[in-house]
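Data first, discussion second: the structure below is written as structure tokens.
The values are calculated or read from the model by the stated rules, or taken from the named source; none is laboratory data. Keep in mind that this is a model prediction, so the values were computed, not measured. Note that we place each Cβ from the backbone using ideal geometry, even for glycine, and neighbour counts take in every protein chain shown.
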Amino acid sequence: MNEHSASVPSGRSDLPEADKRASLEQADAQKKLHDLLATMWEQRKGAVLDRLHVLEDSISSLSESGDGDCRAVGADAAHKLAGILGTFGLPRGTDLAREAEVTLEKESPLTTEDIDRLRFLARELGLLIAQRSLPGAR
Amino acid sequence: MSRRILIIDDEDDIRQVAALSLETIAGWDVVLANSGKAGVEAATREQPDAILLDVMMPEMDGPSTFLKLQATPQTSKIPVLLLTAKVQGSDQRRFAGLGVSGILFKPFDPLLLSKQVSEVLGWKD
């Protein structure tokens, strides 16, 4: 048993009985929540991917027709991805989506470099979401 | 001590994860609303101990919903925590200026959400 696993509540022998019981219950609750979230991710992954596709479509529209409503649509999709990905254990996904949101909300017109960066961010998000689906990935 | 929390968020995923978190880890009762209007109605009806309120929602956003809650005698005393993915300082100052009880940031850690709520509201149990 390494140092990290020794700190798991279920292993504490120095606690009073009531505290030990509470600690075990807390560990059980955490495991249960972890399992429920894993199930929920599998159920909701499609909706998360739909949101990514909205972002990708808005970036494509930017490439073809310049600034317009698609920036607001893309920023909204990126904002929602930023909010949910970290909650499902993908903090880097939140960082990537947040960068996309900030870029799309810039007051100045987007440059070619901005659009290239947005394409990169969307690609990375796609890879992250796909990897999160692998067994054991978190 | 059992608490009743109202979560107002238009995002289904956020509502469900937050509810699972608060129910599973803290054993609290959770009431859900998917819009500001539905949230004000639920708050009036359910009288929760606290409200988690999303900022960006269509039609009636979080700040507008908070003002409505404040203006409604049955809900004006219920503590409200804003839940936001906006991290820019100007946004945070604007939200804090509303007079809410606190601000929690998305993404939240589902394992820690109830602890964060308790800490912000000064709940000891």
Q.
Among the residues of segment A:49-71, what is the count of those that are of a type in the set (A, V, I, L, M) and either within 12 Å of chain B (Cβ to nearest Cβ) or not in a helix (DSSP H, G or I) (or both)?
A. 0
**Q.** Elements of type strands (runs of 3 or more DSSP E) in segment B:1-107, at least 2 residues being modelled with pLDDT of 95 or more and among the hydrophobic types (A, V, I, L, M, F, W, C)
**A.** B:4-8, B:29-33, B:50-54, B:80-84
Q. Restricted to segment B:49-64, and to residues that are charged (D, E, K, R) and more than 26 Å from B:Gly27 (Cα to Cα), which residue is surrounded by the fewest Cβ atoms within 10 Å (Cβ to Cβ)?
A. B:Glu59
Q: Among the residues of segment A:34-52, write down those that are closer than 20 Å to A:Leu128 by Cα and surrounded by 13 or more Cβ atoms within 10 Å (Cβ to Cβ).
A: A:His34, A:Leu37, A:Ala38, A:Met40, A:Trp41, A:Arg44, A:Lys45, A:Ala47, A:Val48, A:Leu49, A:Arg51, A:Leu52
Q.
Looking at segment B:36-54 only, could you name the residues that are under 15 Å from B:Thr65 (Cβ atoms) and under 12 Å from the mean Cα position of the chain (by Cα)?
A. B:Gly36, B:Gly39, B:Val40, B:Ala43, B:Pro48, B:Ala50, B:Ile51, B:Leu52, B:Leu53, B:Asp54
Q: From B:Asp29, B:Asp13, B:Asp61, grab the single residue that is in contact (Cβ under 8 Å) with a residue 24 or more places away in the chain, within 18 Å of A:Leu33 (Cβ to Cβ) and among the acidic types (Asp, Glu).
A: B:Asp29
Q: Take the residues in segment A:27-42 that are within 10 Å of chain B (Cβ to nearest Cβ) and among the hydrophobic types (A, V, I, L, M, F, W, C), then tell me which one is nearest to A:Asp76 (Cα to Cα).
A: A:Trp41
Q. Can we say A:Lys45 is within 12 Å of chain B (Cβ to nearest Cβ) and not acidic (Asp, Glu)?
A. yes
Q. Which one of these does B:Leu104 not meet: (1) farther than 20 Å from B:Ser2 by Cβ; (2) without any contact (Cβ under 8 Å) to a residue 12 or more places away in the chain; (3) within 13 Å of chain A (Cβ to nearest Cβ); (4) of a type outside the set (S, T, N, Q)?
A. (2)
(Q) On the basis of being of a type in the set (Lys, Arg), touching a Lys or Arg at 6+ places or on another chain (Cβ under 9 Å), assigned to a helix (DSSP H, G or I) and at pLDDT 90 or above, does A:Lys45 make the cut? (A) yes
Q: Kindly provide the set of residues from segment B:81-101 that are of a type outside the set (S, T, N, Q), in contact with a Pro (Cβ under 9 Å, 6 or more places away or on another chain) and away from every other protein chain (no Cβ under 14 Å), ordered by number.
A: B:Arg94, B:Phe95, B:Leu98, B:Val100
Q. Of all residues in segment A:75-94 being at the interface with chain B (Cβ under 7 Å from one of its Cβ atoms) and of a type in the set (A, V, I, L, M), which is nearest to A:Ser61 (Cα to Cα)?
A. A:Ala82
Q: Give segment A:16-30 a look and list any residue that's in a helix (DSSP H, G or I) and farther than 16 Å from B:Ala18 by Cα, or say none.
A: A:Glu17, A:Ala18, A:Asp19, A:Lys20, A:Arg21, A:Ala22, A:Ser23, A:Leu24, A:Glu25, A:Gln26, A:Ala27, A:Asp28
Q. Does A:Ile129 qualify as being in a helix (DSSP H, G or I), within 14 Å of chain B (Cβ to nearest Cβ) and touching an Asp or Glu at 6+ places or on another chain (Cβ under 8 Å)?
A. no
Q | Selection from segment B:108-120 of residues that are assigned to a loop (DSSP other than H, G, I, E, B) and among the aliphatic types (A, V, I, L, M) | A | B:Leu111, B:Leu112
